[in-house]
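The values are calculated or read from the model by the stated rules, or taken from the named source; none is laboratory data. Just so it is clear, the model here is predicted, and its values are computed rather than measured. Reconstructed Cβ throughout: ideal geometry from the backbone, glycine too, with neighbour counts over all protein chains shown.
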């Protein structure tokens, strides 16, 4: 069964942010698809999307701004992992992410505000059962470590 990340956006306004997640998923060679559904406006559509993927090996990444009911609603409606990656808004001074953090009991969604973090978390979930994915995650993390080491070498020459 093929692993896939389903990125569910609360609205089309979330697309550019979601593309950032997909860039990292591509590097990690993870299949993904974009969907748009709102927990507030189209809850039946959200449930239809979950039903479509019921028999698949998926991780959901939810992207919703303002009041992020989408993540908790999806998490409460599936046994699949859910990673909330809400958009951070300067307009609200970061208070908008509280709806991703403060959820009702019985909800187990993970939260990260970084697109790269959402992609890595999804890859690590799949890596639990897929050694090839585990190897890609290790290589990805090693490349990031090398970037820091190279930056340190360059910093030594600065005056």
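Quick look at the numbers
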quantity: Exclusive hit being out of contact with any helix residue (DSSP H, G or I) (no Cβ under 6 Å at 6 or more places or on another chain) and either in a helix (DSSP H, G or I) or closer than 26 Å to residue 136 by Cβ (or both), set 74, 21; calculated: 74
quantity: Selection count, the range 126-137, where residues are in contact with a helix residue (DSSP H, G or I) (Cβ under 9 Å, 6 or more places away or on another chain) and in a helix (DSSP H, G or I); calculated: 7
quantity: Some residue of the range 149-157 being touching a residue at least 24 places away in the same chain (Cβ under 8 Å) and either outside any helix (DSSP H, G or I) or surrounded by 15 or more Cβ atoms within 10 Å (Cβ to Cβ) (or both); calculated: no
quantity: Test for residue 115: is it touching a helix residue (DSSP H, G or I) at 6+ places or on another chain (Cβ under 7 Å) and loosely packed, with under 12 Cβ neighbours inside 10 Å; calculated: no
quantity: Sole residue being out of contact with any strand residue (DSSP E or B) (no Cβ under 7 Å at 6 or more places or on another chain) and in contact (Cβ under 8 Å) with a residue 40 or more places away in the chain, chosen from 136, 144; calculated: 136
quantity: Residues of the range 12-39 satisfying the condition of being touching a strand residue (DSSP E or B) at 6+ places or on another chain (Cβ under 8 Å) and surrounded by 16 or more Cβ atoms within 10 Å (Cβ to Cβ); calculated: 14, 17, 18, 21, 22, 25, 30, 32, 34, 35, 36, 37
quantity: Matching residues, the range 75-104, being farther than 18 Å from residue 115 by Cβ and at pLDDT 75 or above; calculated: 75, 76, 77, 78, 79, 80, 102, 103, 104
quantity: Residue that is modelled with the highest pLDDT, among those in the range 40-66 that are within 15 Å of residue 86 (Cβ to Cβ) and either assigned to a helix (DSSP H, G or I) or out of contact with any strand residue (DSSP E or B) (no Cβ under 9 Å at 6 or more places or on another chain) (or both); calculated: 40
